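Notes follow once the structure below has been shown.
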Amino acid sequence: MSGHLPPPPAAVPGPRSAELLAAYEKVFYPGLVGDGYPFVARSKAGWTITDVDGNTFVDLVSASASVPVGAGRADLVRPAAEALLAFGNEDSHAVFHEAMLPLANRLLALAPNGLTRVDISLNGTESVETAVRVMRRATGRPVIIGFLGGYHGETTTTASLGAEQHEIGRNLRGLASGFVHVPYPNTYRSPFAPARPGGTGDPTVDFLRDHVLFHLVDPSEVAGVLIEPVLGSGGVVVPPETFWPALSELCRQHDWLLCLDEVKTGFGRTGEMFAADLWGVQPDLMCLGKAMGGGVMPIGALLGGERALSGFSDLATGSTWSWLPAACAAALAYLDVLENEDVLGNVRALHQVSTSLLGPLEQRIPEVGDVRVQGGFAAVEFVADPATKERFPVLQDAVAEGCLRRGVLVASSTTSLNIQPSLVMSPEAYAEALTRVLDAIDEAVQGIR
Ligand SMILES: Cc1ncc(COP(=O)(O)O)c(C=O)c1O
């Protein structure tokens, strides 16, 4: 250890990783192999990953934010293993098991007011798939409003609802109709003029009301809005205060359902249990997944109010392994962790570390266009020119590569360098890891000028 962190790796990839990766390339779908980090992992412990060459990396990605409190926690793994030994699996749509009701009740107790029903799913993607179908079934209307910059998964429906990058929806948009997109409320890159007199109070909702509903789609065709309350993969974009009241009011006026995709934000990532709690938003539906299984098992859920998720029973949902007992046991154990440990307090401390170390970059480095922090999420957006805000993916990738050489994993996403540490990483260790990220940024900026 150097300070709180393991020493940087000798070489990435090390010789054994390089050998294995060459073999992976011959066997796996090329789209899979090209997307990964250049090493092969052997084990994980807490917020570190050790590869087959013995290099240990600091994990600031947390398995796409699906491993919330680090790897290998016995208090999360053991209940899941015991449930597997006691039960194996069944199809929870057919044979109900004892862990289902306590889990459903605990989710509803934590969720925003008005959510009274639970449907079970295998993961976040399936929660969103179900949400889209439920919104259409509950309202009898076809159109769902989605947001440019949003990510919801990569199946045909979820990739068509999402619009983080055009590649994800390539060849699908013409097949999955019924989605209309508006720009995500992003104060750094808003294409809209500021809110004006006589408007809804928010420029994005003005655009939706005055342009989309005027020119494109009749409000009576719209089932509702499906939105990430804070953009996760799209780079920690936090809507302005004006957005939620204006959107909620528009939904009320037209009898639309408001569905929050909390798959990535849920269970503590933003510093609140759910991002909805940041503003007191009361959705009609909420999609859950990722961290819900404590980083141990895959599980998701769709929560809904009576109007959205009751009054009909003819929509078949989920899949065979949704809510297997081991996943429910892991989810219950993770809820215990959230109840008994001050995870949210630590997330707020991580927020402070991100703000104090990354925040000054905007002033110090012209190529840093925007730094965004929300709880255990941080994003740095690079630009070629601060005036034009032209995106600078080459610089971003160079920074990510520099981080890797320094033994720190970050996510180089479509719009930004994304950082999402374990929610229980100590602020001291996190600060040290960010110092390595800052070194990588300085090096890459010098190299590119
Ligand atoms: C906001 C959001 N929704 C849905 C999904 C899909 O979840 P999963 O890939 O775990 O099924 C993701 C995954 O990154 C996500 O970030």
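Quick note: the coordinates plus some simple rules give every number you see, no bench work behind them. Values in this document were obtained by computation on a predicted structure and should not be read as measured data. Positions of Cβ are backbone-derived with ideal geometry, glycine not excepted, and every protein chain shown enters the neighbour counts.
Rounded to whole Å, give me the distance from the Cα center of the stretch 332-388 to that of the stretch 34-78. Each part reduced to its Cα centre gives a spacing of 20 Å.
Rounded to the nearest 20 debye, the dipole size of the chain about its Cα centre is 280 debye, using +1 on the Cβ of Lys and Arg and -1 on the Cβ of Asp and Glu. The label point for Lys26 and the one for Glu339, both projected 7 Å from the Cα toward the Cβ, are 5.3 nm apart. If you bin all the Cα-Cα distances of the stretch 335-448 at 5 Å, starting from zero, the percentages per bin are 2, 13, 22, 24, 18, 10, 6, 3, 2, 0. Between the listed residues Ala329, Met273, Leu226, the Cα displaced farthest toward the positive end of the dipole of the stretch 74-340, a dipole computed from Cβ unit charges relative to the Cα centre, is found at Leu226.
What share of the DSSP beta bridges in the stretch 74-340 is antiparallel, in percent to the nearest 5?
Details: 9 of 24 bridges.
DSSP beta bridges in the stretch 74-340 are roughly 40 percent antiparallel.
Per-residue packing, averaged as other Cβ atoms within 10 Å, sorts the ranges 297-303, 70-76 into the order 297-303, 70-76, beginning with the highest. Distance between the C-alpha centres of the stretch 243-263 and the stretch 119-138: 17 Å, rounded to the whole angstrom.
Ser43 to Lys389: FRET efficiency via 1/(1 + (r/R0)^6), r the Cβ-Cβ distance, R0 30 Å, to the nearest 0.05?
Numbers: r = 42 Å, r/R0 = 1.38.
Efficiency for this residue pair is about 0.10.
Ranked by the mean number of other Cβ atoms within 10 Å of their residues, highest first, the peptides 269-276, 382-389, 50-57 fall in the order 269-276, 50-57, 382-389.
Before anything else, pin down the relative contact order of the stretch 74-340: Cα pairs under 8 Å, at least 6 apart, normalised by residue count, whole percent.
Numbers: 517 pairs, mean separation 85.8, N = 267.
It rounds to 32 percent for the stretch 74-340.
How would you classify the stretch 74-122 from its alpha-carbon gyration tensor, with a ≥ b ≥ c the square roots of the eigenvalues: rounded for a/c under 1.5, else prolate if a/b is greater than b/c, otherwise oblate? Please list the in-between numbers first.
Values: a/c = 2.99, a/b = 1.52, b/c = 1.97.
Judged from the Cα gyration tensor, the stretch 74-122 comes out oblate (a/c at least 1.5, b/c at or above a/b).
Build a GNM of the chain with springs between Cα atoms under 10 Å apart, and of Leu358, Leu103, Leu172 the one that fluctuates most is Leu172.
Based on the Cβ-Cβ distance of Ala193 and Arg307, what FRET efficiency does E = 1/(1 + (r/R0)^6) give at R0 = 25 Å, to the nearest 0.05? Result of the calculation: an efficiency of 0.10.
Find the Rg to Rh ratio for the stretch 74-340, where Rh is the Kirkwood radius over alpha-carbon pairs and Rg uses the same atoms.
0.98
Which of rounded, prolate, oblate describes the stretch 278-356, given a ≥ b ≥ c as roots of the alpha-carbon gyration tensor eigenvalues and a/c under 1.5 marking rounded, otherwise prolate only if a/b is larger than b/c? Here the stretch 278-356 falls in the oblate category. For the chain, the share of DSSP beta bridges that are antiparallel, to the nearest 5, is 65%.
Each of Leu148, Leu115, Leu84 was placed along the dipole of the stretch 71-149 (beta-carbon charges, centred on the mean Cα), and the one lying farthest toward the positive end is Leu148.
With a cap of 14 neighbouring Cβ atoms within 10 Å, and only residues DSSP puts in a loop, list the GluC sites (Glu not before Pro) found in the stretch 180-263. Display every interim value, and only then the final one.
Numbers: sites: Glu221, Glu241, Glu249, Glu262; in loops: Glu241, Glu262.
Filter output for the stretch 180-263: Glu241.
Along the charge dipole of the chain, pointing to its positive end and built from +1/-1 on Cβ of Lys, Arg, Asp and Glu, which listed residue (Ala400, Ala246, Val95) has its Cα farthest out? Towards the positive end, the residue furthest out is Ala400.
Only lysine pairs 8 or more places apart, or on different chains, with alpha-carbon atoms under 30 angstrom apart are counted in the chain, and they number 5. Label positions at Arg170 and Glu241, each projected 7 Å from the Cα along the C-beta direction, are separated by 4.3 nm. Shape class of the stretch 28-116 from the Cα gyration tensor (axes a ≥ b ≥ c, square roots of the eigenvalues): prolate, since a/c reaches 1.5 or more and a/b is larger than b/c.
Dipole magnitude for the stretch 74-340: computed about the Cα centre from +1 point charges on Lys and Arg Cβ and -1 point charges on Asp and Glu Cβ, it is near 440 debye. A viscosity of 1.306 mPa s and a temperature of 10 °C, combined with the Kirkwood radius over Cα pairs in Stokes-Einstein, give a translational diffusion coefficient for the chain of 70 µm²/s. Taking Cα centre as origin and charging only the Cβ of basic (Lys, Arg, +1) and acidic (Asp, Glu, -1) residues, the dipole magnitude of the stretch 324-449 rounds to 200 debye.
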